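Novice: What follows is a structure written as structure tokens; I'll ask about it next.
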Amino acid sequence: MPEKDYYDVLGVSPDASHEDIRKAYRRLAKEHHPDRQKGSKAAEERFKEITGAYSVLGDPKKRAQYDQLRQAGMHGGAFGGFEEMFGGAQGAGRGRAGGVEFEGFGGLGDLFSRIFGGGRSHAETAPPQRGNDVVSTISVPFETAAQGGKMSVRIPRQVECAACRGTGAAPGSRVDTCPQCRGSGQILTGQGAFSVSRPCPACFGRGKIVQQPCGQCRGAGVYEKQSTVEVKIPAGIEDGRQIRLAGLGEPGTAHGRAGDLLLEVRVQPHKKFTRKGRDLYSGLALDMVDAALGTEVDVRTMHGLVALKVPPGVQPGQKMRIPGHGLRTSDGREGDHYVELQVRIPKELTEEQRKLLERLRRTPSPARS
């Protein structure tokens, strides 16, 4: 089987964002889903290829490891194999390959052991793999972000097919261990210490051969489902923060646990308030007479109306602080509310007002002395 680059499979560039990769996968998966081209073996293989590429590029950790191997010129021979190789590449591991130790490769020690023959026995069954995390966004009203609350959101999820329990095989049909790789999903090519582990072309790196594909998921083992999820919004959450929902990501393989759903918060702007950390800011328009003589006004805050005493002689742009009326976070901390004074100068005056201002101008003032 010719070598395939996972980025080429999904039609994205190597510097594509996680969201771009996810969008490309969803578009291609819908376009090439076997249900749209029933009976087409080519569509089924293409769908498997797309799903396999996303299983690596859709996981930030697997993608980083794949990129390192890709830069070294070691591309995947088939789409399913890298997730097998990536399964044990965690931490700054230490492994052996052909009598040579690999240590301190930033988490690639175990990975090199697998590639060069020092990994697990190739007669073993592939271990359970955790599903990929899914990253999405949630638009949160300003008041909900400030005070906390609950929101219901609809999200598309890849869920395990209940009919085949994720195996991809029709219920009651035979699933054979691949005779070529003996169930490992990998085959060795090369000689001696420089043998390289490649995804098995006979089973596409799965280690199993399905004799009759599941009629519900067309052999994919998963399908997309719209789900309604209730999300708890912590009080005081900031724009750009993530909320993690455990187990609501993509399903794992070989009975591995599901990944998580990461919701990136986008706080909607407020008509009157702006936010800086836990503090809130709003504007207050004052007549120039009230600014000069002082006054008392009601100010709207997130916690209701507050009477604010404005001292005489305030200046345009001056800020007044209302303690404890900003945001109250879930850990009990409180911010303040700041009111920025905006002094209004009248564009038109009555004759009486003009005379009063003329008299005021003739009155000695410290500002004009």
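The values are calculated or read from the model by the stated rules, or taken from the named source; none is laboratory data. Note that this is a predicted model, so its numbers are computed, not measured. FYI the Cβ positions are ideal-geometry reconstructions off the backbone, even for glycines, and counts take in every protein chain you see.
Novice: Keeping to the stretch 258-297, report how many residues are over 15 Å from GLN342 (Cα atoms) and of a type in the set (Gly, Ala, Ser).
Specialist: Residues that pass the stated criteria total 3.
Novice: Another one. Can you name the condition, by its number, that GLY166 falls short on among (1) touching a strand residue (DSSP E or B) at 6+ places or on another chain (Cβ under 6 Å); (2) closer than 22 Å to ALA64 by Cα; (3) at pLDDT below 85; (4) not hydroxyl-bearing (Ser, Thr, Tyr)?
Specialist: Unmet for GLY166, out of (1) touching a strand residue (DSSP E or B) at 6+ places or on another chain (Cβ under 6 Å); (2) closer than 22 Å to ALA64 by Cα; (3) at pLDDT below 85; (4) not hydroxyl-bearing (Ser, Thr, Tyr): (2).
Novice: With the structure loaded, tell me whether GLU230 is modelled with pLDDT under 90 and assigned to a strand (DSSP E or B) or whether it fails that test. Break it down into steps so the answer makes sense when it comes.
Specialist: On the way: modelled with pLDDT under 90: no; assigned to a strand (DSSP E or B): yes.
Criteria not met by GLU230.
One line per residue, one yes/no per condition, for (1) at pLDDT below 55; (2) of a type in the set (Lys, Arg); (3) part of a strand (DSSP E or B):
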position	(1), (2), (3)
ALA92	yes, no, no
GLU101	yes, no, yes
ASP110	yes, no, no
SER121	yes, no, no
GLU124	yes, no, no
ILE138	no, no, yes
GLU143	no, no, no
ARG154	no, yes, yes
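Novice: In this structure, does PRO14 turn out to be over 21 Å from ARG157 (Cα atoms), surrounded by 13 or more Cβ atoms within 10 Å (Cβ to Cβ) and not assigned by TED's automatic domain parsing to the domain that holds ARG218?
Specialist: Spelling it out, PRO14 is indeed over 21 Å from ARG157 (Cα atoms), surrounded by 13 or more Cβ atoms within 10 Å (Cβ to Cβ) and not assigned by TED's automatic domain parsing to the domain that holds ARG218.
Novice: If you check ALA42, ALA29, ALA16, ALA24, which single one turns out to be out of contact with any Lys or Arg (no Cβ under 9 Å at 6 or more places or on another chain) and part of a loop (DSSP other than H, G, I, E, B)?
Specialist: ALA16
Novice: Continuing with the same structure: For the stretch 322-333, state whether one or more residues are at pLDDT below 90 and not in a loop (DSSP other than H, G, I, E, B). Give the steps one after another, and end with the answer.
Specialist: Of the residues in the stretch 322-333, the ones at pLDDT below 90 are 328-333.
If we keep only those that are not in a loop (DSSP other than H, G, I, E, B) as well, we get 328.
So far as the stretch 322-333 goes, yes, one or more of its residues are at pLDDT below 90 and not in a loop (DSSP other than H, G, I, E, B).
Novice: Still on this structure: Without any contact (Cβ under 8 Å) to a residue 24 or more places away in the chain and buried (at least 16 other Cβ atoms within 10 Å of the Cβ): is that true of THR301 in this structure? Step through it out loud before you land on a result.
Specialist: Values: without any contact (Cβ under 8 Å) to a residue 24 or more places away in the chain: no; buried (at least 16 other Cβ atoms within 10 Å of the Cβ): yes.
No; evaluated as a whole, the condition is false for this residue.
Novice: Would you confirm whether any residue within the stretch 263-281 is within 30 Å of SER365 (Cα to Cα) and either touching a residue at least 12 places away in the same chain (Cβ under 8 Å) or in contact with a helix residue (DSSP H, G or I) (Cβ under 9 Å, 6 or more places away or on another chain) (or both)?
Specialist: No: zero hits.
Novice: In a strand (DSSP E or B), surrounded by 13 or more Cβ atoms within 10 Å (Cβ to Cβ) and in the same structural domain as ARG244 (by TED's automatic domain parsing): which single residue out of LEU262, LEU284 fits that description? Step through it out loud before you land on a result.
Specialist: Working: LEU284 fails: in the same structural domain as ARG244 (by TED's automatic domain parsing).
When all the criteria are applied, what remains is LEU262.
Novice: Right, another one. Those residues that are of a type outside the set (A, V, I, L, M) and without any contact (Cβ under 8 Å) to a residue 40 or more places away in the chain, I need them from the stretch 243-253; list them, please.
Specialist: Listed by number, the residues that qualify are ARG244, GLY247.
Novice: Here are some residues: VAL299, VAL314, VAL306. Which one is among the β-branched types (Val, Ile, Thr), farther than 21 Å from GLU238 by Cα and either outside any strand (DSSP E or B) or in the same structural domain as GLY149 (by TED's automatic domain parsing) (or both)?
Specialist: VAL314
Novice: Moving on. Of everything in the stretch 320-353, what is of a type outside the set (Val, Ile, Thr) and exposed (fewer than 11 other Cβ atoms within 10 Å of the Cβ)? Give them in sequence order.
Specialist: Matches in the stretch 320-353: PRO323, ASP331, GLY332, LYS347, GLU348, GLU351, GLU352.
Novice: (1) surrounded by 11 or more Cβ atoms within 10 Å (Cβ to Cβ); (2) without any contact (Cβ under 8 Å) to a residue 40 or more places away in the chain; (3) touching a helix residue (DSSP H, G or I) at 6+ places or on another chain (Cβ under 8 Å): which one isn't true of PRO312, the others all being true?
Specialist: Condition (1) is where PRO312 drops out.
Novice: While we're looking at this one, here's another question. Would it be correct to say that ARG333 is touching a strand residue (DSSP E or B) at 6+ places or on another chain (Cβ under 8 Å) and assigned by TED's automatic domain parsing to the domain that holds SER282?
Specialist: The answer is no for ARG333.
Novice: Within the stretch 26-46, how many residues are within 18 Å of GLN212 (Cα to Cα) and out of contact with any Pro (no Cβ under 6 Å at 6 or more places or on another chain)?
Specialist: So the count comes out to 11.
Novice: Only one of these conditions is not met by GLY221: (1) crowded, with 19+ Cβ neighbours inside 10 Å; (2) out of contact with any helix residue (DSSP H, G or I) (no Cβ under 7 Å at 6 or more places or on another chain); (3) at pLDDT 85 or above. Which number is it?
Specialist: (3)
Novice: What number of residues within the stretch 307-365 satisfy the criterion of being of a type outside the set (Asp, Glu) and within 45 Å of the chain's Cα centre (by Cα)? If you could, list the steps in order and put the result at the bottom.
Specialist: As a first pass, look at the stretch 307-365 and keep what is of a type outside the set (Asp, Glu): 307-330, 332-333, 335, 337-339, 341-347, 349-350, 353-357, 359-365.
Next, only the ones that are within 45 Å of the chain's Cα centre (by Cα) stay: 307-308, 316-330, 332-333, 335, 337-339, 341-343.
Adding up the residues that qualify gives 26.
Novice: May I ask you to verify whether SER40 is more than 23 Å from GLY252 (Cβ to Cβ), modelled with pLDDT under 90 and polar (S, T, N, Q)?
Specialist: Yes; evaluated as a whole, the condition is true for this residue.
Novice: Name the residue that is modelled with the lowest pLDDT, counting only residues in the stretch 51-78 that are under 23 Å from ALA220 (Cβ atoms) and part of a loop (DSSP other than H, G, I, E, B).
Specialist: ALA78
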